[in-house]
1. From the list 140, 170, 149, 179, which one is more than 27 Å from the chain's Cα centre (by Cα) and either outside the structural domain of residue 124 (by TED's automatic domain parsing) or within 28 Å of residue 285 (Cα to Cα) (or both)?
2. Going by the conditions given, is residue 178 under 20 Å from residue 59 (Cα atoms), surrounded by 12 or more Cβ atoms within 10 Å (Cβ to Cβ) and out of contact with any helix residue (DSSP H, G or I) (no Cβ under 9 Å at 6 or more places or on another chain)?
3. Only one of these is within 22 Å of residue 178 (Cβ to Cβ) and either buried (at least 22 other Cβ atoms within 10 Å of the Cβ) or more than 20 Å from the chain's Cα centre (by Cα) (or both): 110, 98, 120. Name it.
4. Does residue 53 qualify as being out of contact with any helix residue (DSSP H, G or I) (no Cβ under 8 Å at 6 or more places or on another chain), modelled with pLDDT of 90 or more, in the same structural domain as residue 108 (by TED's automatic domain parsing) and over 30 Å from residue 339 (Cβ atoms)?
5. For the range 93-129, give me each residue that is over 16 Å from residue 321 (Cα atoms) and part of a loop (DSSP other than H, G, I, E, B).
6. Look at the range 144-179 and say how many of its residues are in a helix (DSSP H, G or I) and at pLDDT 90 or above.
7. Looking at this structure, is residue 85 within 29 Å of the chain's Cα centre (by Cα) and more than 24 Å from residue 174 (Cα to Cα)?
8. What are the residues in the range 296-353 that are exposed (fewer than 10 other Cβ atoms within 10 Å of the Cβ), assigned to a helix (DSSP H, G or I) and modelled with pLDDT under 65, if any?
């Protein structure tokens, strides 16, 4: 008689046996993976303090930066490309410009505080973290949420906000990659599942079946212990079965049936490749430049031409977004970017072998 018993994670189950019964032991259900952390568009509403809440969870977008090996690094790469040609300025330091640009990329919003001298002239621009900045019901007035629960309100016109356009509301911006969040989460889920799959070792590897009614009890116990001891970190668990009736399908005394061949039964590599392509698309990133690889290309191509095309089609528009801060500054305080000598590269014929 076959008996199935509950299993405690990390332990081998106990079993009962009689001389004329079949003996087996098996395992319970696999442990669930981490729950999905989804962001949802909840709209923009003002609280009792007259402060508008962002339409999406900014904390969720921050956590998303570490979701996998592609999403966060691509955003850092785009920030570096923006800063690569920034002109040094006494109004805004390179460090401040980097923080501002990165906030704009991950949240769709960038904030700067205008610091003025005693004469009312612009002395410098100070970075304000997008994570804590909010717009108030008072026109042109922004507030900053403090970790102690207090709120700092700025004067009207003291804060510059640059935001992505959201057609549903005009208070906060939404990052351009927002539509690809599900692919980023699926990429993470696949990695976490594979890590747990190997780490806990509690997955079926093979069924070791016998049909020997004359097998000595001590020999049977020795076989069970040998199979049990083979389990470890990165290994599969297996199942031992002895049919004491002596009957098998193929009249074999010993039969080994593999059931845990993950190389053919799961789609880990396919999921990783598809989601990586999705993330490259949602960021409009060139894999040859950003250190990412979808695995679909044999080589990287002409890097000079790729760099030129990426600069013209992606970096320049981002720099133009950053330059919107000049609309709030006097001409003497305007910032700018150098222009690299890329104009001739797009007209350069491809190199032939």
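1. Residue meeting the stated conditions: 170.
2. no
3. That would be 110, the only listed residue that is within 22 Å of residue 178 (Cβ to Cβ) and either buried (at least 22 other Cβ atoms within 10 Å of the Cβ) or more than 20 Å from the chain's Cα centre (by Cα) (or both).
4. Numbers: out of contact with any helix residue (DSSP H, G or I) (no Cβ under 8 Å at 6 or more places or on another chain): yes; modelled with pLDDT of 90 or more: yes; in the same structural domain as residue 108 (by TED's automatic domain parsing): yes; over 30 Å from residue 339 (Cβ atoms): yes.
When the stated conditions are applied, residue 53 passes them.
5. 93, 117, 118, 119, 120, 121, 129
6. Restricting attention to the range 144-179, the residues satisfying the condition of being in a helix (DSSP H, G or I) are 176-179.
Next, only the ones that are at pLDDT 90 or above stay: 176-178.
Selection size over the range 144-179: 3.
7. yes
8. Listed by number, the list holds a single entry, 347.
The values are calculated or read from the model by the stated rules, or taken from the named source; none is laboratory data. Source: prediction; values computed, not measured. Neighbour counts run over all protein chains shown; Cβ positions are idealised from the backbone, glycine included.
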